Amino acid sequence: MKKVISILMALAMVISFAACGTAKNESSAPVSSVSSELSKLDVDCNVYALKGPTGVGMVSLMDKADNGEGLLNYNFNLAAANDEIVAKLVNKEADIAAVATNLASTLYKKTNKGIKVLAVNTLGVLCLVTKGEEISSVADLKGKTVYATGQGANPEYILNYVLSKNGLTAGTDVTVKFVSQPEELVTTVVSNENAIVLAPQPVATTITIKDKSAKIALDFNDEWDKVSDSKLVMGCIVVRDEYLKENPEAVKAFMQDYAESVKAVNSDTETAGQLCEKYGIVASAAIAKAAIPYCNIVFEDGKELKTDLSAYLKFMFDASPASVGGELPDDNFYYEAK
């Protein structure tokens with residue numbers, strides 16, 4: 001297998017990863033309708049993954065492919081930002097890719113319905129990190145200042161929604177100050193005696209490692225679940241429609257490989273952490289091992305994929321139509337195995 005690993009940033013994206021502090025229960029087991037009896041195919045497949053949770057689920061498959069055990073001839077590539085993958089999909093250099101869910105919707109329109117979503121692979125990845133402040137519930141944020149990144153994007157809309165469902169209003173009950181880069185949240189906590197930040201992974205863990213008095217107080221995936229009937233769906237796997245039409249059996253094979261990879265990652269965090277470091281998903285195996293239970297890595301396809309993702313995209317559309325490309329995708333956006 002030819003590997004092209006591009007390691008461009010250490011702490012790069014809003015949908016990024018890791019966690020620290022008290023151990024948490026393992027992420028949900030993958031849910032899949034794919035077959036488990038497919039045979040190896042002599043078909044090339046160029047796969048692009050993001051560093052962070054949207055890429056973490058692939059590390060077991062990357063290792064299998066290195067050992068000649070994958071069902072396809074995989075060429076894995078790692079990117080630090082969604083924009084890199086967008087270009088690869090548009091230029092047909094990528095066949096399958098892990099991207100943010102709202103970006104997938106935008107790509108669907110940009111490519112004239114040229115992609116499909118194969119699976120949801122990442123739920124919520126935002127954590128509230130505190131230092132010198134005792135926060136045990138969202139209600140405790142009243143009168144506080146929260147630093148965050150992602151203004152005009154997922155983090156802002158998620159924060160506003162969770163606050164509102166807890167009877168609080170951003171800007172009135174809770175002061176929200178946005179920084180331009182996630183790394184600035186690390187400095188904010190380390191340089192202050194009292195601080196509250198809403199940080200994506202792996203920034204949340206980086207904070208707690210750099211400052212032992214900081215801790216993860218709330219997992220916003222859990223807080224979302226408390227107030228919403230739908231899931232917080234932040235990452236997914238997409239395929240170029242042209243590749244799907246030319247290689248339908250190869251896509252089924254990928255789905256089997258990927259579902260097994262997600263299961264392996266969630267069930268053996270020790271090995272998965274080592275593979276995350278090996279393939280450049282995260283610099284430290286120890287951080288990766290601690291992070292995986294917080295990353296909410298899943299595998300959802302079929303009806304569950306459509307139900308959960310369509311509901312989340314509707315939430316994003318209501319918050320800002322531009323965040324999903326100006327309109328909600330039609331049913332053709334969602335892959336169904338035939």
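Out of region 232-254, which residues are farther than 27 Å from Asn154 by Cα and not aromatic (Phe, Trp, Tyr)? Glu242, Leu244, Lys245, Glu246, Asn247, Pro248, Glu249, Ala250, Val251, Lys252, Ala253 - these are the residues of region 232-254 that are farther than 27 Å from Asn154 by Cα and not aromatic (Phe, Trp, Tyr).
Once region 92-115 is narrowed to residues that are touching a residue at least 24 places away in the same chain (Cβ under 8 Å) and within 18 Å of Ala311 (Cβ to Cβ), the residue that is most open to solvent (accessible area, probe 1.4 Å) is Thr106. Got at least one residue in region 304-322 being modelled with pLDDT under 95 and outside any helix (DSSP H, G or I)? Yes: region 304-322 contains one or more residues that are modelled with pLDDT under 95 and outside any helix (DSSP H, G or I).
Looking only at region 141-163, decide whether some residue is farther than 24 Å from Leu50 by Cβ, among the small types (Gly, Ala, Ser) and touching a helix residue (DSSP H, G or I) at 6+ places or on another chain (Cβ under 9 Å). The answer is no; no qualifying residue exists.
The set of residues from region 134-193 being in contact with a strand residue (DSSP E or B) (Cβ under 7 Å, 6 or more places away or on another chain), of a type in the set (Ser, Thr, Tyr) and without any contact (Cβ under 8 Å) to a residue 40 or more places away in the chain comprises just one member, Thr175.
One residue alone among Lys215, Lys231, Lys263, Lys210 is among the charged types (D, E, K, R), in contact with a helix residue (DSSP H, G or I) (Cβ under 7 Å, 6 or more places away or on another chain) and under 18 Å from Thr122 (Cα atoms), and that residue is Lys231. Taking the criterion of being among the polar types (S, T, N, Q) and closer than 21 Å to Phe315 by Cβ, the residues of region 81-136 that qualify are Asn82, Thr101, Asn102, Ser105, Thr106, Asn121, Thr122. Restricting to region 310-327, and then to whatever is buried (at least 16 other Cβ atoms within 10 Å of the Cβ) and in contact with a Pro (Cβ under 9 Å, 6 or more places away or on another chain), can you tell me which residue is farthest from Asn160 (Cα to Cα)? My answer is Ser310.
Listed by position, the strands (runs of 3 or more DSSP E) enclosed by region 178-271 include none that has at least 3 residues that are open to solvent by 30 Å² or more (accessible area, probe 1.4 Å) and within 21 Å of Leu61 (Cβ to Cβ). Here Val298, Val282 are screened, and the one residue that is within 22 Å of Lys51 (Cα to Cα), among the aliphatic types (A, V, I, L, M) and either open to solvent by 60 Å² or more (accessible area, probe 1.4 Å) or part of a loop (DSSP other than H, G, I, E, B) (or both) is Val282. Restricting attention to region 38-64, the residues that are closer than 18 Å to Lys88 by Cβ and either surrounded by fewer than 24 Cβ atoms within 10 Å (Cβ to Cβ) or over 14 Å from the mean Cα position of the chain (by Cα) (or both) total 5.
The values are calculated or read from the model by the stated rules, or taken from the named source; none is laboratory data. Note that the structure is predicted; figures quoted are calculated from it, not measured. No Cβ is skipped: glycine too gets one built from the backbone with ideal geometry, and neighbour counts run over all protein chains shown. Note: accessible area is taken over every heavy atom of the protein model, side chains too, but ligands, DNA and RNA are not part of it. Shrake-Rupley method; radii C 1.70, N 1.55, O 1.52, S 1.80 Å.
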